[in-house]
Amino acid sequence: MGDVVVVTGAGTGIGRAVAAALLGAGFRVALAGRRPEPLDETAAGHPSALVVPTDVTDEGSVDALFAAVHERWGRVDLLFNNAGGFGPSGLVDEIDVAAWRATVDVNLTGSFLCARAAFGAMRAQRPQGGRIINNGSISAHVPRPGSAAYTATKHAITGLTKSLSLDGRPFAIMCGQIDIGNAATEMTAGIATGARQADGSIRPEPTFDVAHVADAVLAMARLPLGVTVPSMTIAAAGMPFVGRG
């Protein structure tokens, strides 16, 4: 088990919960996100936290993030590729092209840039290797109505995960994906009160404590590099997933 971690989207929601769990378990964690104030809140009281404001859509910003981690700790053992957003909603002919591109930039290109930087660091360091965990979604399997941009990027994350897993084999770089359904965060707050279903109705859906996502990522992080978790799905019991639509 390595102990130097990069978490993107670490200022809020799933990223904050995962970063806090890793810090509590003794990992050294670089906290990446666009806004420094939420990152500082995540880091509060943790001497093993490194706050690095980062725009994951910008190659130079991502390279600076990993340079800061290398300067501080000399290596990176785990990347939790988490930054992302829902993007525009609506039928495909209603989606603004600029909003589509912005969603792809954050959810897909941002994940690629961070994985690229982490993969390069893990390949070059000694001992060689590390682990990348991509945050997919239930939408990496099945869509919600009116979610073409988000769903397309999350399906693409699955392809990225599989390619990284295959290409990382010679270098002891493991890559897996965690697909999360209805963890209770600021981003999913509306789901508990009412979410559009495939039949057009709007119904509340069950949610679950985001701490369980953090526990799942922590379990993956603690595994030796001789063990890989290609994919994991964690969801609120009873949410529309199996048989959605």
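Every number in this text was worked out from the coordinates using simple rules, so none of it is lab data. Note that the structure is a prediction, hence the values are computed from the model and not measured. Here the Cβ positions follow ideal geometry from the backbone for every residue, glycine too, while neighbour counts run over all protein chains shown.
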From the list ARG34, ARG16, ARG75, which one is of a type outside the set (Asp, Glu) and over 16 Å from the mean Cα position of the chain (by Cα)? ARG75
Any idea which of ALA102, ALA68 is closer than 28 Å to ALA216 by Cβ, without any contact (Cβ under 8 Å) to a residue 40 or more places away in the chain and either in contact with a His (Cβ under 8 Å, 6 or more places away or on another chain) or in a helix (DSSP H, G or I) (or both)? ALA68
Flagged in the stretch 113-162 as among the hydrophobic types (A, V, I, L, M, F, W, C), surrounded by fewer than 17 Cβ atoms within 10 Å (Cβ to Cβ) and within 15 Å of the chain's Cα centre (by Cα), in numbering order, are none
Over the stretch 71-90, the set of residues over 17 Å from LEU225 (Cα atoms) and either acidic (Asp, Glu) or in contact with a Gly (Cβ under 6 Å, 6 or more places away or on another chain) (or both) is GLU71, ASN82, ALA83, SER89, GLY90
May I ask you to verify whether VAL18 is aliphatic (A, V, I, L, M) and more than 20 Å from ALA183 (Cα to Cα)? no
Among residues of the stretch 13-63, those that are touching a strand residue (DSSP E or B) at 6+ places or on another chain (Cβ under 7 Å) and assigned to a helix (DSSP H, G or I), counted: 11
Please verify whether SER147 is touching a helix residue (DSSP H, G or I) at 6+ places or on another chain (Cβ under 9 Å), touching a residue at least 24 places away in the same chain (Cβ under 8 Å) and among the polar types (S, T, N, Q), treating the condition exactly as stated. yes
Can you tell me which residues in the stretch 172-208 are part of a helix (DSSP H, G or I), buried (at least 17 other Cβ atoms within 10 Å of the Cβ) and either under 14 Å from the mean Cα position of the chain (by Cα) or of a type in the set (Phe, Trp, Tyr) (or both)? none
Being touching a residue at least 12 places away in the same chain (Cβ under 8 Å), more than 16 Å from VAL217 (Cβ to Cβ), touching a Gly at 6+ places or on another chain (Cβ under 9 Å) and not hydroxyl-bearing (Ser, Thr, Tyr), is that true of even one residue in the stretch 21-29? no
Considering only the stretch 30-45, how many residues are closer than 12 Å to VAL5 by Cβ and free of Cβ contacts under 8 Å to residues at least 40 places away in the same chain? 1
